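Input: a single structure, listed below in structure tokens.
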Amino acid sequence: MFKRIHSLFRALARRRDFEDGMSEELRFHIEQSIDDLVRSGMSREKAIRQTRMELGSVTNVKGDCREAFGLHLFDEFRRELSYAARLLRKTPGFTATALLTLAVCFGANLTIFAVIDSVLLRPLPFPAPDRLMTIFNTYPKAGVYRDGSSLTNYYERRGRIAALASLSIYSYGTEIVGEPGSTERLQTVRVSPDFFFTLGLGPAIGRTFTDEETTSETDHVAILSDAFWRQRYSADPNVLGKQIRVNSVPRTVIGVLPPSFLFLSTDARVFLPLASRMEDRAPSRRHSGGNVIQMIARLQPDATLAQAQSEIDAQNAALEVDDPQAKMIADAGFRSLVVPLRADHVAAVRPTLLLLEAGVLVLLLIGAVNLVNLLLIRASGRVKELAVRQALGAGWRYLVSEVVVETTLLTFAGGLLGLAVGAGGIQLLRGLDVDRLPLGSRIAFDVRLALDGLAGAIVMGIVFAVPVAWYQLRRHPGNALQSESRGSTSGHSAQILRHSFIVAQIALAFILLAGAGLLGLSLQRVMAISPGFQSDHVLTGQVLLPWADYPEAGRLKFMQSLTDKLNHLPGVLSAGVVTNVPFSGNIGKSAATIAGHVRRPGESARGHYSYGVDGDYFHAMVFSLRAGRFLTADDSRRSARVCVVDEDFARYYWPHANAIGQLLWDGSEAGKDAEAFTIVGVVGGVKQAGLTENEAQGAIYYPYAFRIGDSVFVAVRTSLPPESFALTMQKVVRQIDPDVPVSDIRSMDTRIADSLVARRSPALLAGFFSGIALLLTSIGTYGVLSYAVTQRRREIGVRMALGAQSGQIRIQFLALSLRLLTAGTVLGLIGAWQTGRAMRSLLFQVPPLDVAVLAAAAGVTAAVCLAACLLPTQRAAQISPMEVLTGE
Amino acid sequence: MDKTAELLPGTLDMLILKAVSLKSLHGYGVLQRIRQISGNALEIPQGSLYPALYRLEHQGLITAEWGQSENNRRAKYYTLTAAGRRHLRDETASWNRLASAIAAAMNTTSEEV
């Protein structure tokens, strides 16, 4: 079998040699035969005749030889292909419209599919990726839905959950890497020793971390990513054992990961051991997760998720028995949930992506319907030709294969153009920050995608051929010849088919438009929400101080000199620092204990946003002061323990009393009296997680001296556009310490805009899709109506000759368009209602059936469709009876 | 060539294989060789000769190569491949079985029944 295919392809590849060889061989045969016959005494003339007779027709022999190689099928195909190409060239308007429609529809589908494929379909790049799980603690009744896992969880569970083959923890971070003078801030992941084992993919060279390397005295080792190794060490094979400075501490390189290693969405360059102190692993720290540490696990090959979940639940229950805080934890609804890793990672974007995929499929459907309609119209123009050919003996098989070749040629060419559009579309999506989607960095236009696209194009071509072939074969040749020769109207059923296609198009375009409108309106509603501070003219940037160079006292001094310097710069209205700026992406909450607050039955501890502030942070952000005073720079230098809370916090704990002067402790337990903070001010609430955050969890602002973190955000209010201040901000920090970089420099306006990307990009894309859908629908409507006018030229001419006014003709066609439009809109309304219900989770303060949106969508659809009808209608009204009646 | 027999269907391939098994031949040579070895007793349909050669080449039973003919013309020479040799052996064996069975059947006299 293989040999024959090989010989066929060789013949195909050297087709000219094949043909030449065949001719030469036969010529040789004929000449030899003639020579032999002449030699045996025959006259030359007779010899020639005899040879010809014996060999038969040379053309037939050649045909049989080609058939012996299977070449005839290709010859036939090529003939049909060139015929189809000739037909398409003859109607450039139709061909261009069809190709453009296909290019846009395929392109849009490829683009969105590339995203879906990367985010939702392609498995994670690890062995048996569907067995990877993540486990996190949740305290839903305390308003904390996701709290990561604690070190304690890890050490208590490790090796004790039978359903899990392996369990490990990791923690994302950013560290300053490099020698003094050439440092850079890099993303890192701190991992437990079994992390790579859990994933099933470890270093390409070197080894993984050991259990001995999990204390702060012994953790001076690092594993590098392949990219970092190539870029920093020029892929030096002897990198193992070399020193690398991380946060000013030298570490030994012990491994390099393979190029394929990509853990979820992180761009981490350096992996470090997750070191901890023994006391942090104690049972009392079990609920100290705070979303800092995340847990992953690999299920045993024969275990199920439910088994793992029930074993974890059982262990939790057993451990909580002797927990002093057991009651509070139980009241908070505590559970540790086991969730598939990948699904969990992409859960937030899944509905949006599915919605976009649905939208783009609808677009493809509209394009397809449009094309079938145009093809049908085209086919009806050729009914006569085909009838003649059928009458002359062309078989149905031949006619069908001709149609299939033609439509497939069309869709294949459209598919090729679509590849270009898709490649451009993916570039365009990059502009919409698609890379920042979970697993978004894997989105790429590759060969596999291109082949999928072309395969889809071919399938579509074959599907298109079905209605066209059916239309052509269904009528009796004799009838076709007669009816067309009289120039009467076309078949009734074909007309119904065309019209219902138009109705479907209008309905689908309407649904897309209504969906886009709902998304747009949601975006508008979200953007109208106040973040709780004045976001304009504020520049923020993150500063990370290594603990080795900056112990507590050093940090305080650094903050003081930084805020002093910034506040004295020209153009700076006020400047401050905060441990976590709103819209930073970090939404960790922590507990506080209020003096004198007795929990109501069923009430659990609440997580609050807790900040450390220094300098003039409140003025820089323009918070509103409800009572008391703001914290000032001096509060960090004084030993007095004071704090400021927001109005949600005050309202929750003291609904009827004044919050000023009340006492609270940082943490989930009441401490000594001397450690209590006195509330000195109440400020307005601020959105931390995003504009749509609606749970008023309360916030506490401590002086920086009492709440020191790894990094701070600098916030500067400027009189000039804030972006122009970025270089100055970096310069000021570098003046204090040249090795401390400022990262993530963005204005507050930009942070808010970036936080809306998950709403804006889908709304923009949906708007774009519905624009194309409207364009396609108008093309389709125009095409069908033009055809109807052409078909009925004679009828119109006769009627006008008998006294019909052009106005009547115009009304007749306008009425037809209105009928189609009404039917389409009614169907569209039903569809839009269902669509709105399906996308409810993506809407914000917009009902699934918004009258304004539907009215606007109906208006736009009507305007576009009627505009498309205008030209053909006008042409109908201007038909001259004389021309029509004499023309034929 | 006054008394020639029509070829049975399917036997042309076998005869071609036999012809080229003795020596590499060009198409016209195959025709002559079959005539020669059959003692000019077979009517060779020349129109089927070349398609048969191409079919056998396509099946990998013979290979073709360009060479010089006796009178110094360029000609395509066919040679039997290993697969062709095996095929020919099988065909020959089954033909012989068939031929002798039919011959035995046709020679039966009434006494032998």
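Every number in this text was worked out from the coordinates using simple rules, so none of it is lab data. Quick caveat, the model's predicted, so the values are computed rather than measured. All Cβ positions, glycine included, derive from the backbone under ideal geometry; neighbour counts span all protein chains shown.
Full extension of the chain between A:ALA753 and A:GLN834 yields a length gain of 26.2 nm, computed as 0.36 nm times the residue separation minus the alpha carbon distance. Applying 1/(1 + (r/R0)^6) with r as the Cβ-Cβ distance of B:SER48 and A:ILE462 and R0 = 56 angstrom yields a FRET efficiency of 0.90. Modelled label positions at A:SER668 and A:ARG52, each set 7 Å beyond Cα in the direction of Cβ, lie 10.6 nm from each other. Computed from Cα atoms, the angle from the helix A:757-791 axis to the main principal axis of chain A rounds to 20 degrees. Inter-chain Cβ neighbour count for B:71-80, averaged per residue, equals 2 (cutoff 10 Å, partner chain atoms only). Summarised in one figure, the compactness ratio Rg/Rh of the range A:176-233, Cα atoms and Kirkwood Rh, is 0.98.
For A:THR210 and A:SER639, the FRET efficiency from 1/(1 + (r/R0)^6), where r spans their Cβ atoms and R0 equals 35 Å, is about 0.20. The order of the peptides B:48-59, B:86-97 by mean Cβ neighbours within 10 Å, most packed first, is B:48-59, B:86-97.
Once you place label points 7 Å from the Cα toward the Cβ at A:LEU365 and A:THR692, how far apart are they in nm? Those two pseudo-labels are separated by 2.5 nm. Length available on full extension from A:ARG89 to A:ALA856: 0.36 nm per residue minus the Cα-Cα distance, which gives 272.1 nm. Over chain A, what is the percentage of antiparallel beta bridges among all DSSP beta bridges, to the nearest 5? Restricted to chain A, the bridges split so that about 80 percent are antiparallel. Over chain A, the reciprocal of the mean inverse Cα-Cα separation, the Kirkwood hydrodynamic radius, stands at 33.7 Å.
Take each residue of peptide A:48-58, count the partner chain Cβ atoms within 10 Å of its Cβ, and average: the result is 2. Neighbour counting of Cβ atoms within 10 Å sorts the residues A:PHE2, A:PHE18, fewest neighbours leading, into A:PHE2, A:PHE18.
Rounded to the nearest 10 degrees, the angle from helix A:350-381 to the longest Cα principal axis of chain A is 10 degrees. In this structure, the pairs whose alpha-carbon distance is over 28 Å, taken from A:LYS242/A:LYS731; A:LYS3/A:LYS62; A:LYS3/B:LYS23; A:LYS557/A:LYS687; A:LYS327/A:LYS687, are A:LYS242/A:LYS731; A:LYS557/A:LYS687; A:LYS327/A:LYS687. The 3J(HN,Hα) values that the Karplus relation (6.51, -1.76, 1.60; θ = phi - 60°) gives for the range A:221-233 are, in residue order, 9, 8, 10, 9, 6, 4, 4, 5, 4, 5, 7, 8, 10 Hz. Gly and Pro appear as x.
Plainly put, the range A:660-774 has a radius of gyration that is 1.10 times its Kirkwood radius, both from alpha-carbon atoms, as the Rg/Rh ratio.
Counting every pair of alpha carbons in the range A:128-195, the share spaced more than 19 Å apart comes to 52 percent.
When restricted to Cα atoms, the range A:212-352 yields an Rg and a Dmax of 19.6, 57 Å, respectively.
Here A:LYS384 is the anchor, and the aspartates and glutamates within straight C-alpha reach of less than 19 Å, apart from those fewer than 8 places off in the same chain, are A:GLU402, A:GLU406, A:GLU484, A:GLU888. For the peptides A:318-331, A:103-116, residues were scored by their other Cβ atoms within 10 Å and the scores averaged per peptide; the highest-first order is A:103-116, A:318-331. For the range A:404-478, the direction-averaged projected area of the alpha-carbon convex hull comes to 6.3 nm².
Of the GluC sites (Glu not before Pro) in the range A:606-675, the ones in a loop by DSSP (not H, G, I, E or B) with at most 14 other beta carbons within 10 Å are A:GLU669.
With a Förster radius of 56 Å applied to the beta-carbon distance between A:SER265 and A:ALA553, the computed FRET efficiency rounds to 0.90. The value obtained for the range A:694-845, namely the Cα convex hull volume divided by the number of residues, is 242 Å³ per residue.
Per residue of peptide A:65-72, the mean number of Cβ atoms on other chains within 10 Å of the residue Cβ is 4. Considering only Cα atoms, the convex hull volume of the range A:308-365 works out to 109 Å³ per residue. The aspartates and glutamates whose alpha-carbon is closer than 15 Å to the alpha-carbon of B:LYS18, local same-chain residues fewer than 8 away aside, are B:GLU57, B:ASP90, B:GLU91. Packing, taken as the mean count of other beta carbons within 10 Å per residue, orders the peptides A:782-791, A:430-439, B:73-82, A:86-95 from highest to lowest as A:782-791, B:73-82, A:430-439, A:86-95. Our compactness index for the range A:241-318, the C-alpha radius of gyration over the empirical 2.2 N^0.38 Å, is 1.52. For the protein assembly as shown, the 222 nm mean residue ellipticity estimated from helices alone, with every DSSP H stretch of n ≥ 4 adding -39500 (n - 2.57) and the total spread over all residues, rounds to -17500 deg cm²/dmol. Per residue, the convex hull spanned by the Cα atoms of the range A:5-76 amounts to 85 cubic angstrom.
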